[in-house]
Each structure stands twice: as structure tokens, then as C-alpha cells.
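Note sheet for the following structure.
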Amino acid sequence: LHSLLYSFYENISKPLKVHILYRPTSEAYQVAYNQVFEIFKDRELNVVKQFDKSDFKPKLIDILSSIKTKNVFFLVDDIIFKDKLDVEDLDKFDTRDFILTLRMAPNFTRCYTSNTDQKVPQFIKDIVNDDDKVCWVWEDGEFDWNYPLSVDGHLFSTKEILILSKNTDFNTPNSYEGNLQLYRYLFTGRYGVCYKDSKIINLPINRVNTDTGNISGNIDQAFLLEQWNNGL
């Protein structure tokens, strides 16, 4: 979380409000979270503590209901920002027709989660007139290029994602993204837009959830906490 927030604020062109939904599993992790929140206390953070698995959905719905901006994107805490982001780009694309992704880029020729090669879709000219971006139709892609409903830096209409979230069953981030796929048919006909160099990258060095078997490294979270407590 510290790496995500630090890299986020280092790279965005102007401040954005960040909502953090978290659930510590012990007092030791709560102390570390508090230290992170203290570091970023001068930023516009809305920190929401989750106490039980069952309150993930209602707390997420409460957060989405409180957001006044037209658009929203989700991030998970194994992400870092690796390039500058012009916040004005987030208002350029009508989410009824476009889904902007901060994660994808033309060099994405392998799907990590499926551990398989993927073809880069045919990019469409003259739809997006920005030299640093490319455009395709989601339904023409495969694997990552055919996955518009991702919680890793994809831009959505706040009102639309709120409605879908209210009508989706979930109790974890993974079941949230997984069950949102019931509505893929509403999104695959839209254009995808990504930067020629991705703005974010996932670093799946470990996995703490038990409801999916996603590929990941095996660095234990207790080891990471120890390194944090040692000042790293």
C-alpha cells in the first residue's frame, strides 16, 4: 500500500481523492497501516476499515455512493505507478463508448494470469487522436485484451459501476471482479484505450486471498511486515 500511494502521488499531474478499503488481520498489521496513513495524512484520503469478510460489499457500496466525480477507477495494493499520468486524460473519454486502461500497453503479448501467449488486437486509427495512445474493440481481443471489467486501473462511469456493484454478489476483491464478468456483454462492444507505455504494473509477489488460485510469488506477508518494521 505504501508503494502504491507513494508512486501514485509521485506520478499524477494533480491531486485526486483516494478511498482505501482495508482489513487488517492482526494488531501488528494495523500498526503498520496506521504508519502508512500517517505518512500520507496531508493527502485527501478516505480510509475505511473492514472488520469482517461480510462487510466488504456494503462498505464498497458506501464508498462508491459517496463519490461525486463522473468517473472512477479501482486499484489493488500490488500495483505501482511507473509513469506520469495526466489526470486530464480521465475526462477525455466517454465511458459509454470507451474504457481507458492504465494497465494495458501494446507490448502485452502474454497473459500472466492464464500463463499463455496472447495476440495484440488490431488497433483502430482515427478513433483516438492522441499520439501516446492506441484504440481497439474489446470483443476483438483475447485474454487481457478482452477483459474490460478489471479492477486494475480501468476507468468506469461511477454511476454505472455503482448500479452493477449493487446487483452483484461478492465478499472479496477477487469475487467482486470475478462476478462482475456477468456483465461483460455490456462492455465488450466498447472501445478500449491504452497508453503506448502502461502507467501501472502489478507485482504479484504473493497472494493472501484463499478464494482464488491466481498465479503469484510466494513471499510471505509476515516477511514483508518485518522488513517494513525494520525501516524498509
For the stretch 3-136, the per residue accessible area (1.4 Å probe, Å²) is 58 Å²
Roughly speaking, to the nearest percent, how much of the chain's 1.4 Å accessible area is carbon and sulfur?
49 percent
Sorted list, accessible surface of protein heavy atoms, 1.4 Å probe, largest first, for S114, S7 is S114, S7
About the Cα centre, charge dipole magnitude for the chain (Lys/Arg +1, Asp/Glu -1 at Cβ), debye:
400 debye
With a 10 Å cut-off between alpha carbons and a GNM built on the chain, which of K92, K57, K70 moves the most?
K92
Selection of chymotrypsin sites (Phe, Trp or Tyr not before Pro), the stretch 1-71, meeting DSSP coil and at most 10 other Cβ within 10 Å:
F51
Select from A222, A32, A105 the residue whose mean-square fluctuation is largest in a Gaussian network model of the chain (Cα-Cα springs shorter than 10 Å).
A222
Charge dipole (the chain, unit charges on Cβ, about Cα centre) - positive-most of V151, N171, V120:
N171
Fraction of alpha-carbon pairs in the stretch 80-166 farther than 20 Å apart, rounded to whole percent, equals 38 percent
Which of these, T188, T168, T116, has the largest mean-square fluctuation under a Gaussian network model of the chain (Cα springs below 10 Å)?
T116
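Assign unit charges at the C-beta atoms only (+1 for Lys and Arg, -1 for Asp and Glu), then state the dipole size of the stretch 100-232 relative to its Cα centre in Debye, rounded to the nearest 20.
Here the stretch 100-232 has a charge dipole of around 160 debye.
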Given H2, S54, V87, which one lies farthest toward the positive end of the charge dipole of the stretch 1-138, if we put +1 on the Cβ of every Lys and Arg and -1 on the Cβ of every Asp and Glu?
S54
Inter-label distance, nm, simple model (7 Å from Cα along the C-beta direction), T212/Y185:
2.3 nm
Net dipole in debye of the stretch 22-156 [+1 Lys, Arg Cβ; -1 Asp, Glu Cβ; about Cα centre; nearest 20]
420 debye
Give me the distance between the Cα centres of the stretch 100-132 and the stretch 175-232, rounded to whole Å.
18 Å
Subtracting the Cα-Cα distance of N230 and E139 from 0.36 nm times their residue separation yields 28.0 nm
Using per-residue counts of other Cβ atoms within 10 Å, averaged over each peptide, order 149-162, 193-206 from highest down.
149-162, 193-206
Which Cα, out of Q221, L162, G192, lies furthest along the positive dipole direction of the chain (beta carbon charges, K/R +1, D/E -1)?
L162
Note on the chain: contact order normalised by length, alpha-carbon pairs under 8 Å, 6 or more apart, percent, works out to 25 percent
Can you tell me, using C-alpha contacts under 8 Å and at least 6 residues apart, the relative contact order of the stretch 19-84 as a whole percent?
39 percent
Averaged over every viewing direction, what's the projected area of the C-alpha convex hull for the stretch 84-125? Give it in nm², one decimal, please.
4.4 nm²
List residues of the stretch 155-197, by number, whose backbone nitrogen lies under 14 Å from a label position 7 Å along Cα→C-beta of I124.
187-194
DSSP H segments from the chain that extend 20 Å or more along their own axis, Cα-based, with Kyte-Doolittle mean of -0.5 or above
none
Given the peptides 212-218, 62-68, 94-100, arrange them by the average over their residues of other C-beta atoms within 10 Å, most packed first.
94-100, 62-68, 212-218
State the antiparallel share, in %, of DSSP beta bridges confined to the chain, rounding to the nearest 5.
60 percent
222 nm mean residue ellipticity, helices alone, for the chain (DSSP H n ≥ 4; -39,500 (n - 2.57); rounded to 500)
-7500 deg cm²/dmol
Give the value in nm², to one decimal: projected area of the alpha carbon convex hull of the stretch 14-121, averaged over all directions.
9.7 nm²
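The values are calculated or read from the model by the stated rules, or taken from the named source; none is laboratory data. Remember, predicted model here, so these are calculated numbers, not experimental data. A quick note on method: Cβ atoms are made from the backbone with ideal geometry, for glycine too, and the neighbour counts reach across all protein chains shown. The accessibility values were calculated without ligands, DNA or RNA, using every heavy atom of the protein model including side chains. Shrake-Rupley method; radii C 1.70, N 1.55, O 1.52, S 1.80 Å.
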